[in-house]
1. Which residue, Ala216, Ala192, Ala77, tops the fluctuation ranking in a GNM of the chain built on C-alpha contacts under 10 Å?
2. For region 55-193, give me the percentage of DSSP beta bridges that are antiparallel, rounded to the nearest 5 percent.
3. Could you go through region 203-212 in sequence order and give the Karplus-derived ³J(HN,Hα) for each residue, using 6.51 cos²θ - 1.76 cosθ + 1.60 with θ = phi - 60°, rounded to whole Hz, and x for Gly and Pro?
4. Where does the chain land at 222 nm, in deg cm²/dmol rounded to the nearest 500, when only DSSP H runs of n ≥ 4 count, each adding -39500 (n - 2.57), divided by all residues?
5. Picking from Ser44, Ser54, Ser80, which is most flexible by a Gaussian network model of the chain using Cα springs under 10 Å?
6. Suppose we keep just the alpha-carbon trace of the chain; what are its Rg and Dmax in angstrom?
7. Of Lys120/Lys145; Lys83/Lys121; Lys62/Lys120; Lys8/Lys79; Lys8/Lys156, which pairs sit farther than 26 Å apart, going by alpha carbon to alpha carbon?
8. Over the heavy atoms of Asp206, what accessible area does a 1.4 Å probe trace out, to the nearest 10 Å²?
Amino acid sequence: MALISKAKGRRKDQSPSGYTRLFGDAELGNLLSRVQGTVISAGSELEKLIVERSKHIGDFDKFITNLDDREPGIFVAKKSQIKKSKIIKTHFEPDLLAFDLRKRRCFVIEVKDGDTFDTKKAEGERVTLHNFVNDVSPVLPFSFKVYVCSFNACDKKEIYDGLKHKFPMDELLTGEELCGLLNIDYEQIVAARSGDQADNLYYFVDELLKIPGVQAALQARIKARAP
């Protein structure tokens with residue numbers, strides 16, 4: 001998983017973060033903004049872990065113009081490859097495309113590390129994915145299926161509720177289901193992501209204790225609770 005120790009906080013010449021305004025302490029605000037940045041980075045890292053374990057497409061345009069020369073299987077392209085393609089023209093960019101060459105199906109996939117979204121964003125996500133399909137379907141000789149994967153969700157009902165019922169159930173995947181679709185090891189990804197949790201915990205605590213205002217507050221609360 002992403003490390004807080006490698007995240008950048010707000011510079012001193014920038015306006016105070018919401019965390020600083022919330023707690024009234026610039027050092028604490030900076031630390032919490034680094035935590036938030038790490039949470040965001042963890043989502044990008046998740047996509048990287050998925051692609052690394054998949055049959056990754058090297059040259060996207062070459063792949064889709066030489067489909068008959070490929071062995072059967074599920075091949076995966078990432079967002080940056082879709083964006084750079086000279087063959088498909090669209091300004092919509094899903095996280096992943098997965099091509100099933102045996103069934104001639106293309107899975108258009110958005111991968112989420114979280115599981116709760118506001119109504120407007122959830123609705124916009126579905127429109128974006130289907131607009132992408134509309135743009136590229138005349139060019140790519142595949143049938144298409146749209147999916148949103150909430151990687152850490154326990155079941156589809158949890159995802160369905162988190163997306164405010166804006167996606168039908170058959171367009172939802174748990175992380176385990178996504179890994180099954182791509183023929184990769186779900187437990188391996190979970191293990192890789194949990195490896196840095198202890199480091200993040202101890203780093204966060206150490207950094208908290210360096211902040212004078214936090215130290216004073218902790219000492220006051222401990223003293224108040226002492227018998």
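The values are calculated or read from the model by the stated rules, or taken from the named source; none is laboratory data. Fair warning: this is a prediction, and the values are worked out from it, not measured in the lab. Positions of Cβ are generated from backbone atoms using ideal geometry, with glycine treated the same way; all protein chains shown enter the neighbour counts. Ligands, DNA and RNA are excluded from the accessible area calculation, which covers all protein heavy atoms including side chains. Shrake-Rupley method; radii C 1.70, N 1.55, O 1.52, S 1.80 Å.
1. The residue that fluctuates most here is Ala216.
2. 45 percent
3. Working through the residues one at a time gives 5, 4, 5, 4, 5, 4, 6, 7, 8, x Hz.
4. Helix-only estimate at 222 nm: -15500 deg cm²/dmol.
5. Largest GNM mean-square fluctuation: Ser80.
6. 21.6, 76
7. Violating the 26 Å limit, Cα to Cα: Lys62/Lys120; Lys8/Lys156.
8. About 90 Å², ignoring ligands and nucleic acids.
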